[in-house]
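Worksheet: one structure, shown below.
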Amino acid sequence: MISAKMTEAVNRQINNEMYSAYLYMAMSAHSSSMGLNGFASWFMVQYHEEMFHAMKQYNYVLDQGAEVHLQTIKEPPKSFASAKDMFEKTLEHEHFVTKSINEIADLALQEKDHATYQFMQWYVNEQIEEEKNDNEILQMLKLAGESGPGLFMIDQQLGARALTVQSDFSKGILPTAP
Ligand code: OFO
């Protein structure tokens, strides 16, 4: 069983993950409208990753015998200035997510809640990977340029990203291979 304060914190994080999914879905739509189909596909893969993050937390709350409390998801921006702008906003958002994950891990330590502390370590590691990927893409955009052949090349590369997480939750969260 987790505390009421921890239940509230994880529920808030479910909302953060759902907003992340919504934000990347908005970026995917915007990329499509700009003809950047590789970017659109990359952001749609990211959308699925965020839904997976949210569903893992949803499952965790239920497994702990606590209540899931779904909250309003705020509206993401409608449009973005450029491909670089989308990745700057992505990185900025992921910094916020990292901070909020660290706060839950801090709370778990304070409460001597080892189960939640251990559960959150998966997210701590995931954030390192996400920030690294976003930084690398931003670097590419700065080096190869934000238009013409440079942008086309990055679009092709981003389009190759494959989905590696579960996206069908009709049977709950399936155990991942060891
Ligand atoms: Fe983009 O990260 Fe979730 O947790």
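The values are calculated or read from the model by the stated rules, or taken from the named source; none is laboratory data. Since the model is a prediction, treat every value here as computed from it, not as a measurement. Positions of Cβ are backbone-derived with ideal geometry, glycine not excepted, and every protein chain shown enters the neighbour counts. The accessibility values were calculated without ligands, DNA or RNA, using every heavy atom of the protein model including side chains. Shrake-Rupley method; radii C 1.70, N 1.55, O 1.52, S 1.80 Å.
Taking all protein chains as present, what is the carbon and sulfur share of the accessible area of the chain, in % to the nearest whole number, probe 1.4 Å?
56 percent
Using R₀ = 41 Å, calculate the FRET efficiency as 1/(1 + (r/R₀)^6) where r is the Cβ-Cβ separation of Lys84 and Arg12; round to 0.05.
Approximately 0.85, to the nearest 0.05.
Considering all projection directions equally, how large on average is the shadow of the alpha-carbon convex hull of the chain, in square nanometres? Provide the component values of the computation, followed by the final result.
Details: hull surface 42.5 nm².
Over all viewing directions, the chain projects a mean Cα-hull area of 10.6 nm².
For a paramagnetic label modelled at 7 Å from the Cα of Gln166 toward its Cβ, which residues of the range 24-66 fall within the zone defined by backbone nitrogen distances under 20 Å?
45-66
For the range 49-113, what is the number of Lys pairs with C-alpha distance below 20 angstrom, counting only pairs 8 or more positions apart or on separate chains?
Count of close lysine pairs: 6.
Just to make sure I understand: if all protein chains stay in place, what is the order of Met51, Met44 by accessible area at 1.4 Å, largest first?
The most accessible residue leads, giving Met44, Met51.
Mind giving me the nanometre distance, one decimal, between the label points for Leu174 and Asp106, set 7 Å out from Cα along Cα→Cβ?
The answer from the label model is 3.8 nm.
In the range 65-140, which trypsin sites (Lys or Arg not before Pro) are in a loop and have at most 11 other Cβ atoms within 10 Å, using DSSP for the loop call?
Hits after loop and neighbour filter: Lys74, Lys78, Lys112.
At a Förster distance of 35 Å, what's the computed FRET efficiency of Ser32 paired with Asp63, Cβ-Cβ distance as r, to 0.05?
On the way: r = 37 Å, r/R0 = 1.06.
Calculated value: 0.40.
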